[in-house]
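Below: the structure, in structure tokens.
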Amino acid sequence: MIQARFEKSEDGKTIILTLNGHSGQAEMGQDIVCSAASILAYTVAKMVTDMQECGKLKKKPHIRMDSGDAVITCKPTKQYFNEALHIYTVAQTGYDLLAHTYPEYVRVTKFGEA
């Protein structure tokens, strides 16, 4: 099962997406659920990298993308916090749609949930 977790740091200044697991919906290379989950993660990673290149982050984002394990964090400047949060929220919606369509393969913990 893929577990996607969206959260903010304790101080509320860093935004975090953590992914763990594989869906197991089909064989590797044929798994449409994993493909969808992966492209959402890569999209977040690209968008926060673009923000960093435009000087909208306080520091370089932390991006780790491994098979079945990914973490994407960013610490935007105050002025661009809502822009960064919007990127993660759009991805959260995508993961929520995946979880709704494939509840046996995807679980999402949204911003503000324990």
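Listed values, structure above:
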{"item": "Some residue of the range 83-94 being over 20 Å from GLY112 (Cα atoms), open to solvent by 60 Å² or more (accessible area, probe 1.4 Å) and in a helix (DSSP H, G or I)", "result": "no"}
{"item": "Any chance SER9 is under 12 Å from the mean Cα position of the chain (by Cα) and of a type in the set (Gly, Ala, Ser)", "result": "no"}
{"item": "So GLY24, is it under 17 Å from GLY68 (Cβ atoms), surrounded by fewer than 16 Cβ atoms within 10 Å (Cβ to Cβ) and in contact (Cβ under 8 Å) with a residue 60 or more places away in the chain", "result": "yes"}
{"item": "Sole exception among (1) open to solvent by 90 Å² or more (accessible area, probe 1.4 Å); (2) at pLDDT 95 or above; (3) not in a helix (DSSP H, G or I) for PRO103, by number", "result": "(1)"}
{"item": "Which listed residue is at pLDDT 95 or above, open to solvent by 40 Å² or more (accessible area, probe 1.4 Å) and among the polar types (S, T, N, Q), from THR49, THR109", "result": "THR49"}
{"item": "Members of the range 27-56 that are without any contact (Cβ under 8 Å) to a residue 12 or more places away in the chain and within 23 Å of ASP96 (Cα to Cα)", "result": "GLU27, MET28, GLY29, GLN30, ASP31, ILE32, SER35, SER38, ILE39, LYS46"}
{"item": "Every residue from the range 72-107 that is among the hydrophobic types (A, V, I, L, M, F, W, C) and more than 27 Å from LYS59 (Cα to Cα)", "result": "LEU97, LEU98, ALA99, VAL106"}
{"item": "Among (1) without any contact (Cβ under 8 Å) to a residue 40 or more places away in the chain; (2) open to solvent by less than 20 Å² (accessible area, probe 1.4 Å); (3) closer than 19 Å to LYS8 by Cα - the single one LYS59 does not satisfy", "result": "(2)"}
{"item": "Tally, over the range 13-31, of residues that are out of contact with any Gly (no Cβ under 8 Å at 6 or more places or on another chain) and either modelled with pLDDT under 95 or charged (D, E, K, R) (or both)", "result": "9"}
{"item": "Meets criteria (open to solvent by less than 40 Å² (accessible area, probe 1.4 Å) and either farther than 16 Å from PHE6 by Cβ or small (Gly, Ala, Ser) (or both)) for LEU19", "result": "no"}
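The values are calculated or read from the model by the stated rules, or taken from the named source; none is laboratory data. Keep in mind that this is a model prediction, so the values were computed, not measured. Note that each Cβ is placed from the backbone with ideal geometry, even for glycine, and that neighbours are counted across all protein chains shown. We work out accessible area using only protein heavy atoms, side chains counted, and drop any ligands, DNA or RNA first. Shrake-Rupley method; radii C 1.70, N 1.55, O 1.52, S 1.80 Å.
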